[in-house]
Amino acid sequence: MTTGARRRVCDKDDKQRALLEAAAQVFAEAGYAAAAMKEIAGRADCSAVGRTRLFRKPDHPVVGRHHVLAIPFRYGSVDKWYRSAAPTWGQHNASILGDLLGLDAAPIAVPTDQGVIGTRPGGLD
């Protein structure tokens, strides 16, 4: 991204932020509990945000380690909500159909060949 493009994005963000603050002010003056909120996802690397444990960094097979927003509340009985990264398309087909349901490779191949189950979304070829 060029410097000029970054400046245009920042200018747009500043204008949107000003609009949100103005709208929150209108609602607050009308007696509603309102305030402009700050977007936190872009601040995942901030040490203060990191201490909140609001983000997890799963290791995804396609995108690698990345920040994922966690559920914003905690239970004493739940150490972490996400134990692994989101699966890729079809990543667990063989383990679910084979290991869990006991199917051999041949019966799994039929719906795979017919496009009923797959390893990538249709229409990308």
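The values are calculated or read from the model by the stated rules, or taken from the named source; none is laboratory data. Predicted model, so just to flag it, every value in this text is computed and none were measured. Virtual Cβ from ideal backbone geometry, glycine too; neighbours counted across all protein chains shown.
Applying the set (1) surrounded by fewer than 11 Cβ atoms within 10 Å (Cβ to Cβ); (2) more than 30 Å from Gly90 (Cβ to Cβ); (3) at pLDDT 70 or above to Asp59 leaves exactly one unmet item: (2).
When you look at Gly31, is it under 24 Å from the mean Cα position of the chain (by Cα) and either at pLDDT 80 or above or of a type in the set (Gly, Ala, Ser) (or both), yes or no? Answer is no for this residue.
Against the definition (part of a helix (DSSP H, G or I), modelled with pLDDT of 85 or more and surrounded by 11 or more Cβ atoms within 10 Å (Cβ to Cβ)), how does Pro87 come out, yes or no? No: the conditions fail for Pro87. Candidates Ala36, Ala70, Ala24: the one that is modelled with pLDDT of 85 or more and of a type outside the set (Val, Ile, Thr) is Ala24.
Scan Gly122, Gly118 and give me the residue that is at pLDDT below 85, over 24 Å from Phe55 (Cα atoms) and exposed (fewer than 12 other Cβ atoms within 10 Å of the Cβ). Only one candidate qualifies: Gly122.
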